[in-house]
Amino acid sequence: MKRESIWTIGVKDEYLPSLQEDISCDILIIGGGMAGLSLAYELKDEDKKIVLIEKSSCGSGATSHNTGKLTFMQDLIYNKIASNYNEETSKLYYDSQIKAIGEVLKIIKDNKISCHLNKTKSYVFSTKDEDKDFNKEIEFYKKNNINYRVVSDLPNNYPSKYALETDFSYAFNPYEYLVGIKNIIKDKINIYEKTRCVSVSKKDNFYEVKLSNGRKITSKAVAITSHYPMFIIPFLTPFKTKVEKFFIGAGLVDKSIDIQMISHDEPSISMRYYNKDKDNYLIYGRRSHSVSKKLDVREDFKELEDEYKKYFGKKIDYFYHTHDIMTYDSLPFIGKIKDNLYIATGFNKWGNTNGALSGMIISDLIMERDNKYRELFDPKRSISFDKIKNLPLYNIETGSSYVINKLNPNKNYYEDDVKVKLINGKRCGIYIDKDKNEHIVSNICPHMKCNLIFNYVDKTWDCPCHGSRFDIDGNIIYGPSVYNIKIKDDK
């Protein structure tokens with residue numbers, strides 16, 4: 001079994017150099033995932049000096065660890081949005097997803113990007129009997145002339161009692177797509193990989209962006225399109241969102257079917273098929289819980305593996321997991337938070353469509369063009385109690401995890417190879433490898449000072465508050481933290 005994303009297998013990519021000098025530009029994009037590269041694509045023909053920086057390699061983050069769906073059928077989301085706002089808001093969100101799908105299809109066609117695109121039927125299903133949530137979603141479909149069918153059985157015989165079926169959805173290899181975009185724009189936009197931003201501050205009429213290597217970028221406009229914004233202030237992202245773990249397995253099956261599915265049950269199950277080099281794979285995702293719960297991820301992978309074998313009689317060949325940023329009202333945060341400062345985050349598990357949409361919205365805002373979706377996704381949209389009823393739960397959950405892990409940093413599932421203890425007054429995490437070498441790091445996440453938890457599956461130190469991850473030698477793998485946890489530079 002391979003611990004890597006199936007999307008990156010066999011995809012050729014040329015690494016671009018890191019930034020080694022101070023520079024200035026008109027527009028700086030921080031983050032080379034779906035949102036960042038989509039924004040760069042939309043701006044590529046503007047008469048502006050545009051720079052994009054990526055802490056690793058473009059497309060290798062959250063986008064390369066999703067299920068590769070392009071669909072408006074996102075569980076029963078229209079009923080959920082209507083309950084927070086109204087039916088007009090749900091309709092506008094639906095329009096935005098159709099617009100995003102159309103934009104991705106156009107980019108693929110215009111640039112002849114090879115990314116295993118195929119059209120699929122889409123299903124939202126339940127292993128329970130019909131319930132009121134499905135009925136409300138059907139009413140939305142009827143009012144907006146969305147073709148649908150009610151069925152009981154799924155085409156791959158996965159257990160189901162009730163399902164909605166629609167036609168206008170697509171599936172693709174998201175990493176292959178982003179590599180294609182990078183190759184299209186790299187001669188028009190300055191792209192620097194392995195270039196990590198550590199701070200953004202306003203200096204007169206410009207922003208000064210400091211990098212981990214001591215260099216800086218001065219830019220008139222800055223778009224933070226990293227999966228999770230690295231700063232706490234402005235916008236207070238940690239208090240407006242929560243982070244969920246999502247576990248994905250891919251295994252060889254006898255045949256591929258042009259379908260994608262998601263369940264309305266808990267935990268939610270996501271499925272689709274992928275054909276590569278005459279091999280057929282079933283991608284099986286399982287939404288488990290927030291990063292603050294069930295800290296031993298071996299349990300999650302065991303449940304995923306057992307379910308896959310139970311329902312399909314096959315073993316999993318590729319295992320990986322990702323984090324999803326969930327907002328209080330089921331709508332992403334896309335837009336301006338200060339003069340010439342923009343963010344795109346909180347995609348609620350639908351990063352392919354909402355990442356593409358971010359590129360269209362933010363490019364219009366920067367270039368001072370109208371965009372019909374700007375108010376819908378405005379990060380500073382008005383807040384009322386009925387819309388933020390999830391926020392107290394999000395913060396209580398994260399706050400409880402912070403306190404509990406401060407009081408008891410040594411977990412009962414730790415074996416003799418993992419310890420947390422004070423060394424010279426610093427709380428340190430120690431992992432002892434098979435050769436009896438000790439790997440000692442700070443056990444405190446630099447982001448908001450939460451205690452880190454050891455992940456036995458990936459051999460990483462993970463933050464149970466906001467999802468930052470570090471390798472056993474203290475190198476940052478995944479934010480929002482921008483600093484390492486090496487003892488010598490744990491600032």
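The values are calculated or read from the model by the stated rules, or taken from the named source; none is laboratory data. Values in this document were obtained by computation on a predicted structure and should not be read as measured data. Cβ atoms come from the backbone with ideal geometry, glycine included; neighbour counts cover every protein chain shown.
General observations
- Qualifying residue in segment 272-282 (condition: under 17 Å from the mean Cα position of the chain (by Cα), crowded, with 16+ Cβ neighbours inside 10 Å, in a strand (DSSP E or B) and in contact (Cβ under 8 Å) with a residue 24 or more places away in the chain): no
- Scanning segment 428-447 for residues that are surrounded by 20 or more Cβ atoms within 10 Å (Cβ to Cβ) and of a type in the set (S, T, N, Q) turns up 442, 443.
- Residues that are among the small types (Gly, Ala, Ser) and in contact with a Leu (Cβ under 8 Å, 6 or more places away or on another chain) were ranked within segment 132-182; the one that is surrounded by the most Cβ atoms within 10 Å (Cβ to Cβ) is 171.
- Per-region count, segment 12-39, residues touching a Ser or Thr at 6+ places or on another chain (Cβ under 9 Å) and either in a strand (DSSP E or B) or farther than 21 Å from residue 213 by Cβ (or both): 15
- Checklist (1) in contact (Cβ under 8 Å) with a residue 40 or more places away in the chain; (2) surrounded by fewer than 22 Cβ atoms within 10 Å (Cβ to Cβ) applied to residue 363, failing item: (2)
- Taken as a whole, segment 403-416 holds at least one residue that is modelled with pLDDT of 90 or more and either under 29 Å from the mean Cα position of the chain (by Cα) or not acidic (Asp, Glu) (or both).
- Restricting attention to segment 300-322, the residues being touching a residue at least 60 places away in the same chain (Cβ under 8 Å), part of a helix (DSSP H, G or I) and under 17 Å from residue 459 (Cβ atoms) number 1.
- Subset tally (residues that are out of contact with any Lys or Arg (no Cβ under 9 Å at 6 or more places or on another chain) and outside any loop (DSSP other than H, G, I, E, B)) for segment 236-249: 7
- Some residue of segment 97-104 being closer than 22 Å to residue 44 by Cα, under 23 Å from the mean Cα position of the chain (by Cα) and assigned to a loop (DSSP other than H, G, I, E, B): no
- Some residue of segment 96-113 being surrounded by fewer than 19 Cβ atoms within 10 Å (Cβ to Cβ) and on the phi > 0 side of the Ramachandran plot: yes
- Set side by side, the residues 10, 31, 59, 68 differ, and just one is on the phi > 0 side of the Ramachandran plot, out of contact with any strand residue (DSSP E or B) (no Cβ under 8 Å at 6 or more places or on another chain) and either at pLDDT 95 or above or not basic (Lys, Arg) (or both), which is 59.
- Under the condition of being in contact (Cβ under 8 Å) with a residue 40 or more places away in the chain and either more than 14 Å from residue 79 (Cα to Cα) or in a strand (DSSP E or B) (or both), the residues counted in segment 118-145 number 11.
- Among the residues of segment 205-223, none is identified as touching a helix residue (DSSP H, G or I) at 6+ places or on another chain (Cβ under 8 Å) and of a type outside the set (A, V, I, L, M).
- Strands (runs of 3 or more DSSP E) contained entirely in segment 155-215, each with at least 2 residues that are at pLDDT below 95 and either in contact with a strand residue (DSSP E or B) (Cβ under 7 Å, 6 or more places away or on another chain) or under 28 Å from residue 8 (Cα atoms) (or both): 162-171, 197-203
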